[in-house]
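Participant: Would you mind keeping the following structure in view while I ask a few things?
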Amino acid sequence: MAFKMNIKNHILESKQEWCTYDFGTREPEYRTHKGVDVINDAGGACNVIAAADGEVVYVQDGVPGYDEKVFTAGNFVRLKHTNGVYTRYLHMVNGSIKVKVGDKVKAGTVLGKEGNTGYSLGTHLHFDVNDGQGYVDPMPYLRGEKLFNKITNGNSTKDNGVKIGATCTVNKGAKFSDGTTPASFVYTTTFTVLNISNDNTEVLIGLNGAATGWIKVVDTSLAGSVPSTTTFKVGDRCRVKSGAKFSNGVTPDEWVFEYEFKILSLSKSGKEAKIGTTDGAATGWIYLSDLYKGKTTSAAAVIRVGDRVKIKKNASWFGCSNKINDWRNEKIWIVEEVVKNRAVLGRDTTGVFNIMSAIDVKYLIKQ
């Protein structure tokens, strides 16, 4: 199954992981897949990073390319974590590995570069988890539901002022990060921080080591201990962090993570912002901690199903180097389907022509 990974503990530096093959049964000739195969959804090969703090216990480098018999894992790194868990990062580029056996690494440390070595048919990262008994599904660990490392009071792996092992309470009326409403006892209980998300905006809270749920730092008594790294004012441009949700708990459409927005207004508490397209159309309310500054394609140019568009001159169809015939540039086309950065154009507005061809949205002009 292929899907966009909504995870807390990232394994690619872009933090835009797309799973191409998940854990378990894959194909008749390859019945047991011991991990997850991941590509960079932002495009291009990406640096591979440690999912959690750990010690490097094995490094294999020097595999030049394809090998289905001996060095099937290609170039890889194996980390040991304090909970008795081991993680592996396979198929990296030859010569790209940055660590050596004995190194102590932090979550987010670059280990090497996503590659295509060993028994691999395309650039990707194979990531797996061994709990000491055998290979297990990595997703609960990547989502933060299971821990790579033991909880140590006062130990912090994040530079945000919040420590694993710290105690906190939940603000009345707050919701968990997935949008669910907590049971009433949650608002009157003191919890322990069991884990911290890689983007520093959420914590996993629990009692006696048992997880209760993920919640945004701003919705807990910890909020005052987190220094603000970015300030926003009305009119500023911003982007939405991968995996973030609107402040009402709703998960944004995928395109929201790909475009630049404008701050239309700020809440009285100063913790939330109403964001919208650069032409002023509101998109939704979101926590400031889930925003960052960084230019990309303007959200005013988002292409959606049903839009009327023109094709830019010198454009080419998706996956084809041949230029599009000039007469098509003069027509106005209806968008029939949008998948990530590709749009399928159907009929023109006169109803005479119907091309049903895919094109990169960067070549389209909204009418």
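Participant: In the list 248, 200, which residue meets the criterion of being over 19 Å from residue 285 (Cβ atoms), modelled with pLDDT under 85 and of a type outside the set (Val, Ile, Thr)? Give the steps one after another, and end with the answer.
Facilitator: Numbers: 248 fails: over 19 Å from residue 285 (Cβ atoms).
Going through 248, 200 in turn, the sole match is 200.
Participant: Against the conditions (1) at pLDDT below 95; (2) closer than 19 Å to residue 14 by Cα, where does residue 118 fall short? Just the number, please.
Facilitator: So residue 118 meets the others, but not (2).
Participant: Which is under 15 Å from the mean Cα position of the chain (by Cα), more than 18 Å from residue 135 (Cα to Cα) and without any contact (Cβ under 8 Å) to a residue 60 or more places away in the chain, of 68, 17, 55, 13? Steps first, answer last, please.
Facilitator: On the way: 68 fails: under 15 Å from the mean Cα position of the chain (by Cα); 55 fails: under 15 Å from the mean Cα position of the chain (by Cα); 13 fails: without any contact (Cβ under 8 Å) to a residue 60 or more places away in the chain.
Residue meeting the stated conditions: 17.
Participant: List the number of the failed condition for residue 128; all other conditions in (1) acidic (Asp, Glu); (2) within 19 Å of the chain's Cα centre (by Cα); (3) loosely packed, with under 15 Cβ neighbours inside 10 Å hold.
Facilitator: Unmet condition: (3).
Participant: Would you confirm whether or not segment 217-235 contains a residue that is at pLDDT below 85, on the phi > 0 side of the Ramachandran plot and over 17 Å from the mean Cα position of the chain (by Cα)?
Facilitator: no
Participant: Of a type outside the set (Gly, Ala, Ser), under 22 Å from residue 101 (Cα atoms) and modelled with pLDDT under 90, is that true of residue 25? Steps first, answer last, please.
Facilitator: Values: of a type outside the set (Gly, Ala, Ser): yes; under 22 Å from residue 101 (Cα atoms): no; modelled with pLDDT under 90: yes.
Criteria not met by residue 25.
Participant: Does segment 121-146 hold any residues that are touching a helix residue (DSSP H, G or I) at 6+ places or on another chain (Cβ under 8 Å) and part of a loop (DSSP other than H, G, I, E, B), and which are they?
Facilitator: If the condition is that a residue be touching a helix residue (DSSP H, G or I) at 6+ places or on another chain (Cβ under 8 Å) and part of a loop (DSSP other than H, G, I, E, B), then 146 is the only one that fits.
Participant: With respect to the numbered conditions (1) of a type outside the set (D, E, K, R); (2) closer than 21 Å to residue 196 by Cβ; (3) assigned to a loop (DSSP other than H, G, I, E, B), which one is the sole condition not fulfilled by residue 64?
Facilitator: Only one criterion is unmet by residue 64, namely (2).
Participant: Looking for whichever is surrounded by fewer than 15 Cβ atoms within 10 Å (Cβ to Cβ) and modelled with pLDDT under 85 here; the options are 150, 163. Which one fits?
Facilitator: Values: 163 fails: surrounded by fewer than 15 Cβ atoms within 10 Å (Cβ to Cβ).
Exactly one residue qualifies, and that residue is 150.
Participant: Further question: Here is a list of conditions, (1) outside any strand (DSSP E or B); (2) of a type in the set (S, T, N, Q); (3) farther than 30 Å from residue 360 by Cβ; (4) at pLDDT 90 or above, and residue 82 meets all of them except one; can you say which number that is?
Facilitator: All conditions pass for residue 82, except number (4).
Participant: Of the conditions (1) at pLDDT 80 or above; (2) exposed (fewer than 14 other Cβ atoms within 10 Å of the Cβ); (3) assigned to a loop (DSSP other than H, G, I, E, B), residue 294 fails just one. Which one is it?
Facilitator: All conditions pass for residue 294, except number (1).
Participant: Let me ask something additional. Looking at residue 10, is it touching a Leu at 6+ places or on another chain (Cβ under 9 Å), surrounded by 15 or more Cβ atoms within 10 Å (Cβ to Cβ) and not in a loop (DSSP other than H, G, I, E, B)?
Facilitator: On the way: touching a Leu at 6+ places or on another chain (Cβ under 9 Å): yes; surrounded by 15 or more Cβ atoms within 10 Å (Cβ to Cβ): yes; not in a loop (DSSP other than H, G, I, E, B): no.
No.
Participant: Continuing with this model, one more query. Considering segment 40-58 alone, what residues qualify as being touching an Asp or Glu at 6+ places or on another chain (Cβ under 9 Å), closer than 20 Å to residue 123 by Cβ and modelled with pLDDT of 90 or more?
Facilitator: 46, 47, 48, 49
Participant: Looking only at segment 48-72, count every residue that is closer than 27 Å to residue 6 by Cβ and crowded, with 20+ Cβ neighbours inside 10 Å and tell me the total. Outline the logic, then answer.
Facilitator: Step one: list which residues in segment 48-72 are closer than 27 Å to residue 6 by Cβ, which gives 48-54.
Filter once more, so that each one left must be crowded, with 20+ Cβ neighbours inside 10 Å: 48-52, 54.
Residues that pass the stated criteria total 6.
Participant: Ok, one more. Do we find that residue 327 is more than 20 Å from the chain's Cα centre (by Cα), modelled with pLDDT under 80 and of a type outside the set (S, T, N, Q) in this structure?
Facilitator: Numbers: more than 20 Å from the chain's Cα centre (by Cα): yes; modelled with pLDDT under 80: yes; of a type outside the set (S, T, N, Q): yes.
Yes, satisfied.
The values are calculated or read from the model by the stated rules, or taken from the named source; none is laboratory data. Here the structure is a predicted model, which is why all the values come from computation and not from measurement. Glycine gets a Cβ as well: all are built from the backbone with ideal geometry, and neighbour counts include every protein chain shown.
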